1. Of the residues SER607, SER691, SER602, which single one is at pLDDT 85 or above and at positive phi?
2. Does ILE658 count as surrounded by 14 or more Cβ atoms within 10 Å (Cβ to Cβ) and within 30 Å of PRO792 (Cβ to Cβ)?
3. So in region 222-237, with the set limited to residues that are of a type in the set (A, V, I, L, M) and not in a loop (DSSP other than H, G, I, E, B), which one is most open to solvent (accessible area, probe 1.4 Å)?
4. What are the residues in region 770-795 that are charged (D, E, K, R) and under 17 Å from LEU740 (Cβ atoms), if any?
5. Of all residues in region 152-192, count the ones that are in a strand (DSSP E or B), acidic (Asp, Glu) and open to solvent by 40 Å² or more (accessible area, probe 1.4 Å).
6. Do we find a residue being among the acidic types (Asp, Glu) and on the phi > 0 side of the Ramachandran plot anywhere in region 306-316?
7. Checking the conditions here, which among VAL370, VAL396, VAL384 is under 30 Å from ASP491 (Cα atoms) and buried (at least 16 other Cβ atoms within 10 Å of the Cβ)?
8. Restricting attention to region 280-294, report how many residues are surrounded by 16 or more Cβ atoms within 10 Å (Cβ to Cβ) and either small (Gly, Ala, Ser) or within 30 Å of LEU233 (Cβ to Cβ) (or both).
Amino acid sequence: MRILPSVPEQKHPLGITFIPVPAGTLVRVVGTELVIPCNVSDYDGPSEQNFDWSFSSSGSSFVELASTWEVGFPAQQYRERLQRGDILLRRTANDAVELHIKNVQPSDQGHYKCSTPSTDATVQGNYEDTVQVKVLADALVVGPSSRPPPGLSLREGEPFELRCIASTTSPLHTHLALRWELHRGPVHRSILALSHEGRFHPGPGYEQRYHSGDVRLDTVGSDAYRLSVARALSADQGSYRCVVSEWITEQGSWQEIQEKAVEVATVVIQPTALQLAVPRTVSVTEGKDLDLSCNITTDRVDDVRPEVTWYFKKTPDTSLLASHMLARLDRDSLVHSSPHVALSHVDTRSYHLLVRDVSKENSGYYLCLVALWAPGHNRSWHKVAEAMSAPSGVSVTWLEPEYQVYLNASKVPGFSDDPTELQCRVIDTKRVDAGVRLTVSWYYRMNRRNDDVVASELLAVMDGDWTLRYGERSKQRAQDGEFIFSKEHTDTFSFRIQRTTEEDRGSYYCVVSAWTRQRNSSWVKSKDVFSKPVNIFWASEDSVLVVKARQPKPFFAAGNTFEMTCKVSSKNIKSPRYSVLITAEKPVGDLSSPNETKYIISLDQDSVVKLENWTDASRVDGVVLEKVQEDEFRYRMYQTQVSDAGLYRCMVTAWSPIGGSLWREAATSLSNPIEIDFQTSGPIFNASVHSDTLSVTRGDLIKLFCIVTVDGAVLDPDDMAFDVSWFAVHSFGLDKAPILLSSLDRKGVVTTGQRDWKSTVSLERVSVLEFLLQVHGSEDQDFGNYYCSVTPWVRSPTGSWQREAEIHSRPIFITVKMDVLNAFKYPLLIGVGLSTVIGLLSCLIGYCSSHWCCKKEVRETRRERRRLMSMEMD
């Protein structure tokens, strides 16, 4: 084992050190506690390190003292002190432990060794270390200057002194350090300390007082220490202690060997008595001056200076929250106030607040705050007392304006969308001069049939600065110009609803507010007067609209003119205007286009005509709709055809004006039907679809024939023409919308629909009654149901072409199959090719690896080729 000196700066791979141990020696006084810390340097193990302690009075032979892991380690002479707890080991970390010896005796002087067992394979560093302990006799005497400790009762600002006696008769060269402490309950504060090196250290919060000379520490004679306070503060109250410590130096290092404290005195600071008196209530007329006095009573007769501050607030409590400072007189007699407020010093104990030209806003509570300041050391000041007066209630009486408010309805609505106008007038005004401003607020309350209380809703309010603010109910409509708030005269306010709705029915009232001008040019509301409510209501009845259609000529043939008139009558509709829409439906029993209503032509309330779904390009001017009278309309259709057969009606909508050029839809009604029925024995057309191959392979050609057959009268082929359209529904059923593939009109013009896949379609007329649809390069998406739609055209004896009813064929289902061989041909070829390439590449890599990378050189013994004689031959 190798013992290292216990110097904290040295580091070892593993070693025992005493930290901190100055110069390897500890000095303690009899009766104090000895604490020796020991730790293992550079130890990073997870478990606790074990320690053994031994003692030797001479330093040669050591006796077992204590152990952290072996119970029977201590010697017999120390076991009783270990059981009592006078000697104990306290672990502070896994690699550190402290030896505590309470009530040190002279026999405890000697050498102490701390060691730890080693489990290392090789010894690196030291595993034990020693420290020397010297035990001195108690030669320190500490006490107050008088017993028992005196109690001092002082006033703020008075000086006081405290003394402490401290001396030592130690044979060694020791130094004393002294510290004054102030105890107030559990709080201990250091005031001023003198270190063992002769330096002064003021405590926290006492730095300024120490540097200014207010707090001093002096020595009196050889063993007395005096604490001097030039001017006592309220914070100086408490118990004062004198703490003395004894220090010794060993080879240039200081260590404290003991410390003693003694109670010196208890200081009580008597508070300065301060009382304030203000008037409880004061009443003053508006426009006059307000004079308030604050009288001070105190027991201080020295040179204290008062600081007076006046506050104003609206509540009667003494808190300064939400208060406003009016004026202040500081301790240097400087006044801080506003032009309308003055603070004067009448005598040594009376201060007056003067508020000029009071108004209603000066009504409230006034508080007087007084602080007494006493001079301190080096021209400093400290506050010795502070008091707040009771609130002084001030009421400003004034003559408020008098007036009445009258509300009347200048315009009352009789129907919905009629305007409403209300006028709020101010009458019988008294004491309303230039300093008073009148504003208005408008309110709405819904009418209820029962006795339930309904809250009023704010429509608009006008502030004292003429700012108009809208309520939630009227904000949007006011921005849209439907609600108009205005001031027509000085005493008249108006409210207009441009278009009154049923939701606007209810009670309305206005509130006129009087605002008084203040000294700072602001306005304060002083009075509100409510008007009586005005009820806006009208009886609402259901709108009635009746339309009757009539046909002047009940029978006519194809090619003639069809005429229909519609007569309109209405009730409970204000100033109606009518818009008309002509509709057509297929007659009952016609299954070509069931449940289909067609809009032909319309005429709006401004008499603007518009073609709706009239698609016959050859008869663009063939329909006419005109207004005969305000309530009568006429519809004409020229050169009627057989396809025009059906039920015709007038759909009439009544419109009411809502102001300006805006209209509101009031009611809509449909007339009775007028039927167009042609009595004819013409041909009957049918359509069918045929295909030779209902199932094709992807990429093949699909051929579909649309065949038209004619029954009944025999027609010349030149007198017939057809519009043919092909449709497809790409699903197994007919649940999806059909897609237009291609169409061919009667003039031979082909139109092809747009599709998202690559196959193409073509449409041609094979014969007069046959039409061929071809799908080139069919794909999977081309499967489904296919049908054709045919519109026949027949030439009449007069030479005009008549369009017959549209007919539809039954659908035919086409299946598109996949060519398995072609589908897998290219993937198989690609797979075989890739497999061949990968196999060849693997063989090439294997050959190269065996030839170059794994080649071994085998050295054979050279045979000497000599001619040997054959012994067998011999």
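The values are calculated or read from the model by the stated rules, or taken from the named source; none is laboratory data. Computed from a predicted model, the values in this text were never measured in an experiment. Don't worry about glycine lacking a Cβ; one is built from the backbone with ideal geometry, like all the others, and counts go over all protein chains shown. Surface areas here come from the heavy atoms of the whole protein model, side chains and all, with no ligands, DNA or RNA. Shrake-Rupley method; radii C 1.70, N 1.55, O 1.52, S 1.80 Å.
1. Values: SER691 fails: at positive phi; SER602 fails: at positive phi.
Just a single option satisfies the conditions, and that option is SER607.
2. no
3. Here is the first cut: in region 222-237, the ones of a type in the set (A, V, I, L, M) are 224, 227, 229-230, 232-233, 235.
Now drop any that are not not in a loop (DSSP other than H, G, I, E, B), which leaves 224, 227, 229, 235.
Working: ALA224: 9, LEU227: 1, VAL229: 10, ALA235: 40 Å².
Ranking the candidates gives ALA235 first.
4. Listed by number, the list holds a single entry, ASP782.
5. Final tally of qualifying residues: 1.
6. Kept after step one, since they are among the acidic types (Asp, Glu), are these residues of region 306-316: 307.
The next check asks that each one be on the phi > 0 side of the Ramachandran plot; those that pass are none.
The answer is no, given that none of the residues of region 306-316 is among the acidic types (Asp, Glu) and on the phi > 0 side of the Ramachandran plot.
7. VAL396
8. Total meeting the criteria: 1.
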